[in-house]
Amino acid sequence: MHHFTYREGHLYAEDVALEAIARAVGTPFYCYSAATLRRHFRVFADAFADRDTLVAFSVKSLSNLAVLTLLQKEGAGADVVSGGELSRALTAGIPGDRIVFSGVGKTRTEMAAALEAGIHQFNVESVPELQALNDVAISHDTTAPVALRINPDVAAGSHDKISTGRAEDKFGIPWAQARDVYRLAGNLPGIAVKGVDVHIGSQITDLAPFEKAFNRTAELVRALRADGHEITRLDLGGGLGVPYQHGDDQSAPPHPEVYAEMIKRIAGPLDVQLIFEPGRMITGNAGILVSRIIYHKEGESRRFLILDAAMNDLIRPALYDAWHDVIPVREPGSQGGKVKYDLVGPVCETGDTFARQRDLPELAENDLVAFLTAGAYGAVQASQYNTRPLVLEVLVDGDRYAVIRKRPTTAQILAMESVPDWV
Ligand code: LLP
């Protein structure tokens, strides 16, 4: 469900024509729908409204301050993975006690900042990290609220590069060591053990791996309680997938209601606060990338559409072979046939290919196209490769829109660098 629809032949974001935005701000740009963001957050939060739950939006999926502020107003907490994301969440007005800090490599400086912000929980992933956090907390004369992230050794069934819960992945504390590490944590004066954390991967469209991991985790909570730990929180991570391909019901993810039912069945009897870290489920379908066709090139065996967006603006196809639906911003007539195109960017790499042999209506130079479901892990993974400026972002809310991240000028990009006088 999203708010990018055709009206009288033109693609709109809510009540704003994308052609009007493109004229005003240039291309390429990301465009987010406030209504879609709000709706997705509410659907998720409402599914758990009858329980003590913290929905900590996974900032990494879309970290623009305007989006964080909008979600904060809906009641979102934040899941952060760096000092930078912590600052973003706090700047957006998300209170410290609604922030959880995840990630395998928190530095002592980041830990100190998070303690000063009074965050709800550190999700700790190793013994050395636990010891470092203990030291930092003691030096701050406080105790750090902690959940240990346990690796349940469950394959999430999504793309290899975004699966995190198998024994060979770098994440979490090995299942077999969990009780020993909790014993250690329980004896560290700077650590307050609060809960258990698990996150098995991203873009998961099947309930089964979740269910397997959560059952194992519930089993661990019981064992830890038997060992004398007071476990009052269960952080079940993020990972719920979104539909990327229109009309593909096969890989449609479960509705949050169905996901919630399964979780309540498993976690209900434990009487814990539930914490979630959804990212993609909230932001994925709330954003598109709009790009203009620079050239139409007839290759030996392929027809190429060369766009003004490139892999530096949306890296998901290059990195994960990800599929994004592409649609023209001017709605095609019902008469015309389909043509197979390869959609590519201007970056000097063959990998700078968004789609191969994609069936599209006939398109021409200067036409605009939109990549759908680009809200999650789109703009946040953008770079300035080939000295292409960081991609611009726009937020639409009803009939209003605003640029929420500017496109830097080349002069601004160059101004970040300096040439030592000894060169
Ligand atoms: N919690 C933790 C600890 C995570 O590592 C992640 C995502 C999330 C929550 C949010 O997961 P979500 O609900 O968004 O699936 N760049 C990749 C996805 C990387 C996901 C990394 N971790 C992509 O474009 O598909």
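The values are calculated or read from the model by the stated rules, or taken from the named source; none is laboratory data. Keep in mind that what you see is a predicted model, and the values were worked out from it rather than measured. Using ideal geometry, Cβ is built from the backbone for each residue, glycine included, and neighbour counts are taken over all protein chains shown.
Total residues in the range 71-118 satisfying the condition of being more than 16 Å from the chain's Cα centre (by Cα) and touching a residue at least 60 places away in the same chain (Cβ under 8 Å): the figure is 1. Taking the range 349-361, which residues are touching a Pro at 6+ places or on another chain (Cβ under 9 Å) and either among the hydroxyl-bearing types (Ser, Thr, Tyr) or not in a strand (DSSP E or B) (or both)? Passing the criteria: Gly351, Asp352, Thr353.
Please work out if Ala364 is within 16 Å of the ligand (Cβ to nearest atom), modelled with pLDDT of 95 or more, of a type in the set (A, V, I, L, M, F, W, C) and assigned to a loop (DSSP other than H, G, I, E, B).
Numbers: within 16 Å of the ligand (Cβ to nearest atom): no; modelled with pLDDT of 95 or more: yes; of a type in the set (A, V, I, L, M, F, W, C): yes; assigned to a loop (DSSP other than H, G, I, E, B): yes.
Criteria not met by Ala364.
Considered as a group, the residues in the range 132-158 that are touching a Leu at 6+ places or on another chain (Cβ under 9 Å) and touching a residue at least 60 places away in the same chain (Cβ under 8 Å) include one that is surrounded by the fewest Cβ atoms within 10 Å (Cβ to Cβ), and that residue is Pro152.
Please indicate, with yes or no, whether at least one residue in the range 210-220 is surrounded by fewer than 23 Cβ atoms within 10 Å (Cβ to Cβ), aromatic (Phe, Trp, Tyr) and under 19 Å from Ala267 (Cβ atoms).
There is no residue in the range 210-220 that is surrounded by fewer than 23 Cβ atoms within 10 Å (Cβ to Cβ), aromatic (Phe, Trp, Tyr) and under 19 Å from Ala267 (Cβ atoms).
Residues to consider are Thr69, Thr27, Thr36; find the one that is polar (S, T, N, Q) and either over 24 Å from Ala382 (Cα atoms) or not in a helix (DSSP H, G or I) (or both). Sole residue among the options that is polar (S, T, N, Q) and either over 24 Å from Ala382 (Cα atoms) or not in a helix (DSSP H, G or I) (or both): Thr27. Sort out which residues of the range 84-126 are part of a helix (DSSP H, G or I) and either within 16 Å of Val198 (Cα to Cα) or within 16 Å of the ligand (Cβ to nearest atom) (or both), and write them in order of number. Within the range 84-126, Gly84, Glu85, Leu86, Arg88, Ala89, Arg98, Glu110, Ala114 qualify.
Take Pro332 and decide whether it is modelled with pLDDT of 95 or more, surrounded by 14 or more Cβ atoms within 10 Å (Cβ to Cβ) and touching a Leu at 6+ places or on another chain (Cβ under 9 Å).
Working: modelled with pLDDT of 95 or more: no; surrounded by 14 or more Cβ atoms within 10 Å (Cβ to Cβ): yes; touching a Leu at 6+ places or on another chain (Cβ under 9 Å): yes.
So Pro332 does not fit the description; no.
Scanning the range 149-208 for residues that are within 10 Å of the ligand (Cβ to nearest atom) and either of a type in the set (A, V, I, L, M) or not assigned by TED's automatic domain parsing to the domain that holds Glu230 (or both) turns up Ala156, Ile162, Val198, Ile200, Ile204.
Kindly evaluate Val181 against the criterion of being more than 26 Å from Ala45 (Cβ to Cβ) and either in contact with a Leu (Cβ under 9 Å, 6 or more places away or on another chain) or touching a residue at least 60 places away in the same chain (Cβ under 8 Å) (or both). For Val181, the condition - more than 26 Å from Ala45 (Cβ to Cβ) and either in contact with a Leu (Cβ under 9 Å, 6 or more places away or on another chain) or touching a residue at least 60 places away in the same chain (Cβ under 8 Å) (or both) - is met. Which of (1) more than 16 Å from the ligand (Cβ to nearest atom); (2) touching a residue at least 24 places away in the same chain (Cβ under 8 Å) is the odd one out, the single condition Gly378 does not satisfy? So Gly378 meets the others, but not (1). Counting only helices (runs of 4 or more DSSP H) wholly contained in the range 251-322, the ones carrying 1 or more residues that are more than 19 Å from Leu368 (Cα to Cα) and away from the ligand (no atom under 12 Å from the Cβ) occupy 256-267. Once the range 153-210 is narrowed to residues that are assigned to a helix (DSSP H, G or I) and modelled with pLDDT under 85, the residue that is nearest to Ala56 (Cα to Cα) is Ile162.
Val391 meets each of the listed conditions (1) surrounded by 16 or more Cβ atoms within 10 Å (Cβ to Cβ); (2) away from the ligand (no atom under 16 Å from the Cβ); (3) in contact (Cβ under 8 Å) with a residue 60 or more places away in the chain; (4) of a type outside the set (Ser, Thr, Tyr) apart from (2).
Residues in the range 69-95 that are crowded, with 23+ Cβ neighbours inside 10 Å and over 24 Å from Arg108 (Cα atoms): Leu71, Ala76.
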